[in-house]
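Below is one structure, written out as structure tokens, with a few remarks after it.
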Amino acid sequence: MKKELIKAIEAAERYNLFLKVVTSVRSYDSYNSFFNIYDEHEEACRRIVVLTKTKELEEVYDEDPTEEIKECKIVQGNLWIKDYSLLTNPDKINLSSLYVIKNLVEELL
């Protein structure tokens, strides 16, 4: 079956979704034996372009930040499209050049 691609910007408009550049974070738990408590620290990993239903989405949890996003995939109810280094200025990411698989966008709905 052939994968039908559509521009991510067009998909966002057509399906009332939001195309966003978000920061991925990985949660780390550590145990402090002196205070007998767990501390949770979040460390930023990379930037990810996503299609989402959530206007306020700013970050996503990333289980494996070393895994490159080679093809669109649905993760945690969002469509992950492409990843970038944290050093990449989000304003410099050309969202109009990104494509998504139409079936995945429809599955997201």
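General remarks:
- Interchain or long-range residues, amide H under 5 Å from residue 46's placed H: 24
- Sites residue 14 and residue 66 - FRET efficiency at Förster radius 25 Å, r taken between beta-carbons, to 0.05: 0.15
- For a straight C-alpha distance cut-off of 25 angstrom, the lysines reachable from residue 3 (same-chain residues fewer than eight places away being disregarded) are 20, 53, 70, 73, 82, 102.
- Phi-based couplings in Hz for region 9-24 (Karplus 6.51, -1.76, 1.60; Gly and Pro marked x): 5, 5, 4, 4, 5, 5, 9, 6, 10, 10, 9, 9, 9, 10, 9, 9
- Residues 24, 96, sorted so that the one with the fewest Cβ neighbours within 10 Å comes first: 96, 24
- Amide H contacts under 5 Å for residue 62, placed H, 5+ residues apart: 25, 26, 27
- In order along region 78-87, the phi-based Karplus estimate (6.51 cos²θ - 1.76 cosθ + 1.60, θ = phi - 60°) of 3J(HN,Hα) comes to 10, 9, 7, 9, 7, 10, 9, 5, 4, 6 Hz; Gly and Pro are listed as x.
- Using θ = phi - 60° and Karplus 6.51 cos²θ - 1.76 cosθ + 1.60, couplings along region 93-102 (whole Hz; Gly, Pro as x): 7, 7, 5, 6, 9, 9, 10, 10, 7, 4
- Residue order, fewest to most surrounding Cβ atoms within 10 angstrom, among 51, 87, 19, 57: 87, 57, 19, 51
- Per-residue Cβ neighbour counts within 10 Å put 7, 20, 55 in the sequence 55, 7, 20, beginning with the fewest.
- Spin-label pair residue 54/residue 88, simplified geometry with 7 Å Cα→Cβ offset, distance in nm: 2.1 nm
Each reported figure results from applying straightforward, stated rules to the coordinates on display, with no laboratory input. Just so you know, these numbers come straight off a predicted model, no measurement behind them. Glycine gets a Cβ as well: all are built from the backbone with ideal geometry, and neighbour counts include every protein chain shown.
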